[in-house]
């Protein structure tokens, strides 16, 4: 019996891999920290060191005679708590018995739907953050942590305004030495406006913005859509783990079990769970866009 439950959960774990990759916008914006990830659900928090400010690099005709006269590197220990994300559900016992008796598969679309709900929760944590009381953030996501804001009114419903806004945001990031390429994340309304923005001569503003995000060529910088971005706002972010990363204590996984008190009549109780937390290292690598 336990082996059957394990087989179902393993099937579902494998089924949700690709759909989750498509749904997890936050993971496309923030790279995974492979060294700190994968420790399991017991990884309740993460300790790491952060560097204090240092003076500018030196220019001279020779190397310094006494390297001990240089800056002292101040290391500060920072602790962040892991966010546990989950969605519980149950499967009728008759469906489970049909699976055992006749090898009738339990509809995997249910697994996809549950995975989507957890993916939505994870995107919120990575993109906005987590505020359990609805006001105060206990975990900072990208948008909430942004140290740059471009507030010039520039409605994306008008051709050319997206390019104007992207150029202004780029200037703020460059002023903080955050070099391209960049990612641009928009609310569905502004995303669709940009996607359909065509000049009178047939030029696509989307293509122009992509080139702006990648001034050195290529297509590393992308335009993403997220419902976690409020309408009329957006976010331009640097790319790379030196700016931010996320730590995945536990990858998304299904757990299926019975209630022993109910015996043979117990439905299958399920839980999809994961543990993840973003780590924002450079807040000036994030620029909010408002008034779009």
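Any read-out appearing in this document is the output of simple, stated calculations on the displayed coordinates, not a laboratory observation. Everything quoted here is computed from the prediction, not taken from an experiment. Neighbour counts are summed over all protein chains in view; Cβ atoms, including those assigned to glycine, are modelled from backbone coordinates with ideal geometry.
Modelled spin-label separation between residue 81 and residue 3, with each label point placed 7 Å from Cα along the Cα-to-Cβ direction: 4.2 nm.
When Rg and the Kirkwood radius Rh are both evaluated on Cα atoms of the range 135-244, their ratio Rg/Rh stands at 0.96. Here each label is just a point 7 Å from Cα along the line to Cβ, and for residue 147 and residue 109 those points are 4.8 nm apart. Once the convex hull of all Cα atoms in the chain is built, its volume per residue stands at 193 Å³. Against the main long axis of the alpha-carbon atoms of the chain, helix 93-102 sits at an angle near 80°. Using a simple spin-label model with pseudo-atoms 7 Å out from Cα toward Cβ, residue 199 and residue 66 lie 6.2 nm apart.
For the chain, the relative contact order works out to 29 percent when only alpha carbon pairs closer than 8 Å and six or more residues apart are counted. Among beta bridges from DSSP that stay inside the chain, the antiparallel ones total about 85%. Between the helical axis of 108-127 and the dominant principal axis of the chain, each derived from Cα atoms, what acute angle in degrees is found, rounded to the nearest 10? Relative to the chain, helix 108-127 is tipped by roughly 30 degrees.
Structural size metrics of the range 72-194, computed from C-alpha coordinates, are Rg and Dmax of 22.2, 70 Å. With the helix formula -39500 (n - 2.57) applied to DSSP H stretches of n ≥ 4, the chain reaches a computed 222 nm mean residue ellipticity of -9500 deg cm²/dmol.
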